[in-house]
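The values are calculated or read from the model by the stated rules, or taken from the named source; none is laboratory data. Since this is a predicted model, take the numbers as computed values, not measurements. Cβ placement follows ideal geometry from the backbone for every residue including glycine, while neighbour counts extend to all protein chains displayed.
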Amino acid sequence: MKIIEILVEEPSIKNVLNTLLPSLLTPDYKLDENCFVRVHSGKTDLLKSIPRKLKAYSKMPDEYKVLILVDKDFEDCKELKQKIESSIPADVVCDKVIRIVSRELEGWFVGDLVAVEKAYPSTKATKYKNKSTFRDPDEAHAVQELKKIIPGFSKGEVSQKISLHMNLESNRNKSFNQFIKGLEKLIS
């Protein structure tokens, strides 16, 4: 049996993935049957668990594939990816893809301001598309900017509501598009 394990930092990204994955997975993968999103207690917990989990997956009789999603925060993207790769034991044999989420998950939402506006019509979010703070969704201080336009901003609620409206083909966030390519690579 083929199994995909997606390792993430926090519940808000699981909210997004629970909404998007059914549209992204091929018919031989089903969410919560052979595709699982594993939430950790933050970035440190996720990074610490990677070597142990991948070693265990590679010893299982099933074919495990692993997608690791971690926020860049203020780290150098290449250095963070190298740190993760070097933490994985040499004898791990499962397929794996590491994707660094631009600064923070909410950058994916800034990359699709139409979805933000559909979820929160009063924001008129699409008018911000060409403003300097929203122009590069990968580098935007997305949480800070979304807090300014979404009344009562809550990461959990926002991740559930906006993900319902996200367009998989037109998101301007590069890391979102890299996530999709990474997932496609694993399931192909």
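Points worth noting:
- Conditions (1) more than 17 Å from Glu184 (Cβ to Cβ); (2) crowded, with 17+ Cβ neighbours inside 10 Å; number of the one not met by Lys48: (2)
- When Lys96 is tested against the conditions (1) out of contact with any strand residue (DSSP E or B) (no Cβ under 6 Å at 6 or more places or on another chain); (2) more than 13 Å from Phe176 (Cα to Cα); (3) not β-branched (Val, Ile, Thr), the lone failure is (1).
- Of the residues making up segment 69-91, none is hydroxyl-bearing (Ser, Thr, Tyr) and under 13 Å from the mean Cα position of the chain (by Cα).
- For segment 35-59, the candidate set comprises residues that are assigned to a strand (DSSP E or B) and touching a helix residue (DSSP H, G or I) at 6+ places or on another chain (Cβ under 9 Å); within that set, the residue that is nearest to Phe176 (Cα to Cα) is Val37.
- Among all positions in segment 128-136, there is no residue which is in contact (Cβ under 8 Å) with a residue 40 or more places away in the chain and in contact with an Asp or Glu (Cβ under 8 Å, 6 or more places away or on another chain).
- Number of positions in segment 39-94 that are in contact with a Pro (Cβ under 9 Å, 6 or more places away or on another chain), among the aliphatic types (A, V, I, L, M) and farther than 20 Å from Leu105 by Cα: 3
- Condition broken by Glu117, with the remaining ones in (1) within 30 Å of Pro51 (Cα to Cα); (2) without any contact (Cβ under 8 Å) to a residue 60 or more places away in the chain; (3) crowded, with 19+ Cβ neighbours inside 10 Å satisfied: (1)
- In the condition set (1) assigned by TED's automatic domain parsing to the domain that holds Lys81; (2) surrounded by 22 or more Cβ atoms within 10 Å (Cβ to Cβ); (3) not β-branched (Val, Ile, Thr), Asn177 is compliant with all but (2).
- Residue list for segment 1-16, restricted to those being out of contact with any helix residue (DSSP H, G or I) (no Cβ under 8 Å at 6 or more places or on another chain) and part of a helix (DSSP H, G or I): Lys14
So that you can scan it fast, the table gives a plain yes or no per residue for (1) touching a Leu at 6+ places or on another chain (Cβ under 8 Å); (2) part of a helix (DSSP H, G or I); (3) surrounded by 18 or more Cβ atoms within 10 Å (Cβ to Cβ):
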| position | (1), (2), (3) |
| --- | --- |
| Pro61 | no, no, no |
| Lys65 | yes, no, yes |
| Ile68 | yes, no, yes |
| Glu75 | no, no, no |
| Gln82 | no, yes, no |
| Ala90 | no, no, no |
| Val93 | no, no, no |
| Gly107 | no, yes, yes |
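- Cross-chain or 6+ apart pairs with Cβ under 7 Å, segment 91-105 first and in contact (Cβ under 8 Å) with a residue 24 or more places away in the chain, then of a type in the set (Asp, Glu) and not in a loop (DSSP other than H, G, I, E, B): Ile98/Glu85; Val101/Asp71; Arg103/Asp71; Glu104/Asp71; Leu105/Asp71
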